[in-house]
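For reference, the structure discussed in these notes is given below.
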Amino acid sequence: MQTRQSIHSDHAKQLDTQGLRREFLVEEIFTPNKLTMTYSHIDRIVFGGIMPVDAPLTFSDALGKAFGVTYFLERRELGLINIGGPGLVIVDGSPYEVGKAEALYVGQGARALSFASVNAEQPAKFYYNSAPAHTSYPTRKVTQDQASPATLGDPSTSNRRTIYKYLVPDVLPTCQLVMGMTQLEEGSLWNTMPCHTHERRMEVYFYFNMKEDAAVFHMMGKPDETRHLLVHNEQAVISPSWSIHSGVGTQAYTFIWGMVGENQVFGDMDHVAVQDLR
């Protein structure tokens, strides 16, 4: 498990490229037959990838000790979206088939979790976020058809995209975790521009569906002191509440966003006009 500490905005603007990547970029999310995990002190979010190939993968009870509890989800909730082949998640003995572009919410208190691929030739790739939780809500699968979609942008501004809101109050109850997936149309390159911050929530972006020779320039930093990270396929960026979070790719791409913080209001954003960016 990697641990990333909180970084003040005054500190962040003094970092060079290597420093920014060390603090905010996670380059390895999926590794065959492994479960990766990054623990950020920013709102205590945990995120990573689960890629079972030859055998199921599990969260061991020993993991709970790292969080001061008996088992990982004793005081946490978890959401995941599968970007790979068909998968199977068993939660305390109950099986859930989770296909590509399908999500699963696991409520606080679930103890025995097992993750497997239906076909080792096409392994599942479960990208997950976990947040502290104060009560337990039912575990539930959400298909892409059940997600709340919104299509925004225009080809003329290279930002035509569809936002699929999987784990939001309109779809199912969670304590604080909100998750979804944004898919850009062919020929569109920009996401979330004009950009925004949201002081009441942090966010993690996970970029994928990118070719080997493609990249996304992820914009971050205070609106009047912007920086960027060069992000490649299946890498994630931690976005503090004080930072903008937008990106432009060399080709179209998809990303999963997860938010944790004070509220679950998707539209609670502090918008920044393009002419005010520096």
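Please tell me if ASP54 is among the charged types (D, E, K, R) and part of a loop (DSSP other than H, G, I, E, B). Yes, satisfied.
If the condition is being at positive phi and among the acidic types (Asp, Glu), then segment 15-70 contributes only ASP43. Restricting attention to segment 174-211, the residues that are of a type in the set (Asp, Glu), modelled with pLDDT of 95 or more and not in a strand (DSSP E or B) total 2. Just one of the numbered conditions (1) closer than 21 Å to GLN235 by Cβ; (2) without any contact (Cβ under 8 Å) to a residue 24 or more places away in the chain; (3) of a type outside the set (A, V, I, L, M); (4) surrounded by fewer than 15 Cβ atoms within 10 Å (Cβ to Cβ) is not true of LYS100: (4). If the condition is being over 15 Å from LYS100 (Cβ atoms) and part of a loop (DSSP other than H, G, I, E, B), then segment 119-145 contributes ALA120, ALA133, HIS134, THR135, SER136, TYR137, PRO138, THR139. Residue by residue through segment 151-190, note down the ones that are of a type in the set (A, V, I, L, M) and surrounded by 14 or more Cβ atoms within 10 Å (Cβ to Cβ). Answer for segment 151-190, where residues must be of a type in the set (A, V, I, L, M) and surrounded by 14 or more Cβ atoms within 10 Å (Cβ to Cβ): ILE163, LEU167, VAL168, VAL171, LEU172, LEU177, VAL178, MET179, MET181, LEU184, LEU189.
Count of segment 79-97 residues, restricted to those that are without any contact (Cβ under 8 Å) to a residue 60 or more places away in the chain, closer than 17 Å to GLY48 by Cα and of a type outside the set (Gly, Ala, Ser), is 3. Return yes or no: is PHE30 in a strand (DSSP E or B) and either among the aromatic types (Phe, Trp, Tyr) or without any contact (Cβ under 8 Å) to a residue 60 or more places away in the chain (or both)? No, not satisfied. Restricting VAL171, VAL118 to those that are closer than 21 Å to LEU35 by Cα and without any contact (Cβ under 8 Å) to a residue 40 or more places away in the chain reduces the list to VAL118.
Give me the pairs, please: first residue somewhere in segment 199-220 and touching a residue at least 24 places away in the same chain (Cβ under 8 Å), second residue anywhere and assigned to a strand (DSSP E or B) and among the basic types (Lys, Arg), beta-carbon distance under 6 Å, and either six or more positions apart or on two chains. Final answer for the pair search is MET220/ARG227. For segment 146-173, the candidate set comprises residues that are in a strand (DSSP E or B) and basic (Lys, Arg); within that set, the residue that is nearest to GLY107 (Cα to Cα) is LYS165. Under the condition of being surrounded by 16 or more Cβ atoms within 10 Å (Cβ to Cβ) and closer than 20 Å to SER158 by Cα, the residues counted in segment 215-228 number 6.
The values are calculated or read from the model by the stated rules, or taken from the named source; none is laboratory data. Everything numeric in this text was worked out from a predicted model, so none of it was measured. Positions of Cβ are backbone-derived with ideal geometry, glycine not excepted, and every protein chain shown enters the neighbour counts.
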